[in-house]
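Please read the structure below before turning to the comments.
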Amino acid sequence: MADRTTTPLVEMEDISIAFGGVHAVDHVSLSLWPGEVLGLLGHNGAGKSTLIKILSGAYRADTGTIRIDGTPVKIESPRDARRYNIETIYQTLALADNLDATANLFLGREIVTPLGFMDDAAMEAETRRIMARLNPNFKRLSEPVAALSGGQRQSVAIARAVYFNAKILIMDEPTAALGVHETQMVAELIEELKRQGLGIILISHDTREMMSLCDRLTVMKNGKVVGTEATADVTEDDILSMIIMGTNPRDKAAA
Amino acid sequence: MTDTAAGRAPAPPRRSFIQSLEVDLRLVGMIGAFIVLCVMFDVVTEGRFLTPRNLFNLTIQTVSVAIMATGMVFVIVTRHIDLSVGSLLATCSAVMAMTQTWFLPQVIGLDYGNPLIWIVTIFVGLFVGTAIGAFQGWLIGYLTIPAFIVTLGGLLVWRNVAWYLTDGQTIGPLDDTFRMFGGITGTIGVDASWIVAGLCSAAAVVLMAMSRRTKARHGVPLKPVWAEGVMMLIVVGAIFGFAAVLNAYEIPSGAVRRMFRERGEAVPDGFVAAYGLPISVLLLVAIAVAMTVIARRTRLGRYIFATGGNPDAAELSGINTRLLTVKVFAIMGALCAISAVVASARLSFHSNDIGTLDELRVIAAAVIGGTALSGGVGTIYGAILGALIMQSLQSGMAMVGVDAPFQNIVVGTVLVLAVLIDIIYRRRLGVK
Ligand SMILES: Nc1ncnc2c1ncn2[C@@H]1O[C@H](COP(=O)(O)OP(=O)(O)OP(=O)(O)O)[C@@H](O)[C@H]1O
Ligand SMILES: [Mg+2]
């Protein structure tokens, strides 16, 4: 269990963003400590993906501040996020369909030879190694990813995020397309990364999976946070009612 | 790197001859189409098409468009278009013509024939082309004006900048050394051509062997040794065949007599000389190799294809796609400048209408060569072959005596048909 008395790895404070008139994220705050998995739940369009895209540099927030290890930072592009060791598995996977798995895995961080040319052999060998851990049935390294199944594509996106020594890992519905066995392997991977001290933000609609993987759960509705609870303190029904009703039953109990 | 999916489609248990060779089927198709075209024209013209002289001319006429087509591959792969290449060529040509006939000799005072003239001229041309290309790329990448609009504007602007600079006048004659880049005015002769062919063949064989070794080391399935040997033979045969054709084009006896008279000698009995490889063709080969290396072996090339395949994914992977756009258009501009050297050197002067309609030929060459307008797919060698097919169609029809309007009707129709065939081909293979 993560030690939550230390400085958080990530603090997002009072974050808002609007698209036209839609307040996709509305004054949201959250914190993430090293070695913990924070779950983000909410109905479709609640603002989960938009919130994490602000942390990964895909969007710029209208208001709010982000602190990494207590220091305020400006994340204005995906390049900035990578500099802070923030890695993201996007819901849309963000793969270049015309390139093969190896090219996608190393996109933006290719291994080059001393002369500055790409070292395809080295990259392919690394890809083979890491894919063997994630998805042992995956053999089609040098085919365009357009030719892969949804789950295989998802494996490539996961491999890309975990390969480069992330400190903060964002996973937006990483197992939506995976089979039972592959989902289990991702769950084991999350446990292992957690032990290594990464902070992980996990988004999923599978409440049972979230109850078993996450240390804390944040529920969003219409761009706002309904509540954040330690998983140990709530039942799956509590969470479901937070998602559906948009109110926190524990608030009522306290009142 | 992208459309080679064809070669790796799920292999049936029994492999045919072509499959064992693992060649790009599209490449085979294009070469086949080219050969059919040549034979057809040769039959109709009663043997005048497939002569060393005509093939030599065909080659040097193709160079200028082919050079620009390699750059257009990058532009189209990143989902852009460049309609300004012909006009940009004219501006570069005008600036270079003025640099070598007026600025350097008259303002700076360099002597006639000073080697600095052609060197400085080419540098100035390259600088102008690259700068204009980069500027257009900046408008497209950073100010997010669509490439179609920016370069449509450029089509008008640069054509008329060239006109304004030269008052619409023809400028010439150009520097003697500069004119060596034009084709027939600059060839390396028979012996050097054989040597170049030998070196190119050796390089090709070594590269193929090395690639096989690398594949073997990483456990990638290899094609049979005999297939590898056949491929090497085909490549070496093609290189030497090409050199042999150009070496067979003899310099007319009048020109030989003039050469000897200039040196104050008499022509020896039975003396024959041939042109051999033109310098412009060597330039094209060098550019083709460089652009292929960029496309396949460098990060820049990887980012170009990734951005074409999925711009959002490229951006999210930390690629600076705006700067990439500037680079792609800067490369295009530099290639326009090189084409301007070749085109004006071939004419031996700068004319006001140089490069007119080249944008259409260049785009057509890239597209016939398999570059998909939807982005992410295209090859350098395809674009060059596309340029060669277009040019042979055009000069073949001229030789047959087809009326000018019909020539353009045929070229336009072929362009549309080529894209249709490409779409059907891709659908058969199950790629998009
Ligand atoms: N680029 C955009 N432009 C305009 N509106 C957007 C954009 N991105 C998101 N939105 C809007 O913001 C709201 C939140 O979207 P978001 O993708 O964050 O939802 P989500 O919680 O991830 O939903 P899901 O569970 O379906 O993935 C939605 O109403 C959506 O329409
Ligand atoms: Mg989402």
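The values are calculated or read from the model by the stated rules, or taken from the named source; none is laboratory data. Just so it is clear, the structure is predicted and the values come from calculations on it, not from any experiment. Cβ atoms come from the backbone with ideal geometry, glycine included; neighbour counts cover every protein chain shown. Calculation scope for accessible area: heavy atoms of the full protein, side chains included, ligands and nucleic acids excluded. Shrake-Rupley method; radii C 1.70, N 1.55, O 1.52, S 1.80 Å.
Would you calculate the separation in nanometres between label points at B:ALA286 and B:ASN114, each defined as 7 Å from the Cα along the Cα-to-beta-carbon direction? In this crude label model, B:ALA286 to B:ASN114 measures out at 2.4 nm. The simple Förster model, with R0 at 25 Å and r as the Cβ-Cβ distance, assigns B:VAL206 and A:VAL112 a FRET efficiency of 0.70. Straight-line reach from A:LYS224: which aspartates and glutamates have a Cα under 17 Å away, not including same-chain ones fewer than 8 places off? Hits, sequence-local ones excluded: A:GLU11, A:GLU13, A:ASP14, A:ASP26, A:ASP62, A:ASP251. The H on the amide N of B:THR187, modeled in the peptide plane, is under 5 Å from the matching H of B:ILE279, each at least 5 residues off or on a different chain. Backbone phi angles across the range B:377-385, fed through the Karplus curve with coefficients 6.51, -1.76 and 1.60 (θ = phi - 60°), yield HN-Hα couplings of 9, x, 10, 5, 4, x, 5, 5, 4 Hz in residue order; Gly and Pro are listed as x.
For the range A:31-128, the alpha carbon positions stretch 44, 32, 28 Å along the principal axes, listed from largest to smallest.
For the range B:188-277, the relative contact order works out to 46 percent when only alpha carbon pairs closer than 8 Å and six or more residues apart are counted. Three principal axis extents describe the C-alpha atoms of the protein assembly as shown; from largest down they are 113, 64, 47 Å.
For the modelled label position 7 Å from the Cα of B:TRP102 along Cα-to-Cβ, which residues of the range B:346-374 have backbone nitrogen atoms closer than 18 Å? Taking a point 7 Å out along Cα→Cβ of B:TRP102, the residues of the range B:346-374 whose backbone N falls under 18 Å are B:349-354.
In chain B, the sites counted are GluC sites (Glu not before Pro) in DSSP loop states with at most 12 other Cβ atoms within 10 Å, and the longest stretch holding none of them, exclusive of the sites, is B:47-264. Per-residue mean of foreign Cβ neighbours for B:298-311 is 5 (Cβ atoms of other chains, 10 Å radius). Each Lys or Arg adds one and each Asp or Glu subtracts one; over the other residues with Cβ under 10 Å from the Cβ of A:VAL162, this totals 0. Measuring nothing but how far apart in sequence close Cα pairs (under 8 Å, 6+ apart) lie, relative to its length, chain B scores a relative contact order of 32 percent.
Length gained on full extension, B:GLU46 to B:VAL235: 65.1 nm, using 0.36 nm per residue less the C-alpha separation. Close amide H pairs (under 5 Å, H built 1.01 Å from N) link A:ILE89 with A:ILE170, A:MET171, A:ASP172, residues at least 5 positions away or on another chain. The angle separating the long axis of helix A:150-163 from the principal Cα axis of greatest extent in chain A is about 90 degrees.
For the range B:337-432, a/c is not less than 1.5, where a ≥ b ≥ c are the root eigenvalues of the C-alpha gyration tensor, and a/b does not top b/c. That puts it in the oblate class.
Beta-bridge orientation, the protein assembly as shown: approximately 60 percent antiparallel, per DSSP, counting only bridges with both partners inside. So, R0 is 56 Å and r is the distance between the beta-carbons of B:ALA404 and A:THR6; what FRET efficiency does that work out to, to 0.05? The pair B:ALA404/A:THR6 has a calculated efficiency of 0.10. When the pairs A:LYS48/A:LYS139; A:LYS194/B:LYS215; A:LYS53/A:LYS221; A:LYS53/A:LYS139 are compared against a 27 Å limit on Cα-Cα distance, A:LYS48/A:LYS139; A:LYS194/B:LYS215; A:LYS53/A:LYS139 fall above it.
Rolling a 1.4 Å probe over the protein heavy atoms gives chain A an accessible area of 43 Å² per residue.
Working note: Karplus 6.51/-1.76/1.60 with θ = phi - 60° gives the range A:9-20 the couplings 5, 10, 10, 10, 10, 6, 7, 9, 8, 10, 10, x Hz, where Gly and Pro are set to x.
In order along the range B:136-149, the phi-based Karplus estimate (6.51 cos²θ - 1.76 cosθ + 1.60, θ = phi - 60°) of 3J(HN,Hα) comes to 4, x, 5, 4, 7, x, 8, 8, 6, 7, x, 4, 4, 6 Hz; Gly and Pro are listed as x. Placing a pseudo-label 7 Å from each Cα along the Cα-to-Cβ vector at B:VAL245 and A:ALA132 gives an inter-label distance of 4.9 nm.
Given +1 at the Cβ of Lys and Arg, -1 at the Cβ of Asp and Glu and no other charges, the dipole of the protein assembly as shown around its Cα centre is 1080 debye to the nearest 20.
For A:GLY42, the amide hydrogen comes within under 5 Å of the amide hydrogens of A:MET220, counting only partners 5 or more places away or on other chains and with H modelled in the peptide plane. Modelled label positions at B:ALA274 and B:LEU199, each set 7 Å beyond Cα in the direction of Cβ, lie 2.0 nm from each other.
What does the charge count around A:ASP172 come to, taking other residues whose C-beta lies under 9 Å from its C-beta (Lys +1, Arg +1, Asp -1, Glu -1)? Spelling it out: positives minus negatives among the neighbours equals +1. Checking the a/c ratio against 1.5 first, then a/b against b/c, what shape does the Cα gyration tensor give for the range B:188-277? Cα axes put the range B:188-277 in the prolate bin. With a cut-off of 15 Å between beta carbons, the residues surrounding A:MET118 carry a summed charge of -1, where Lys and Arg count +1 and Asp and Glu -1.
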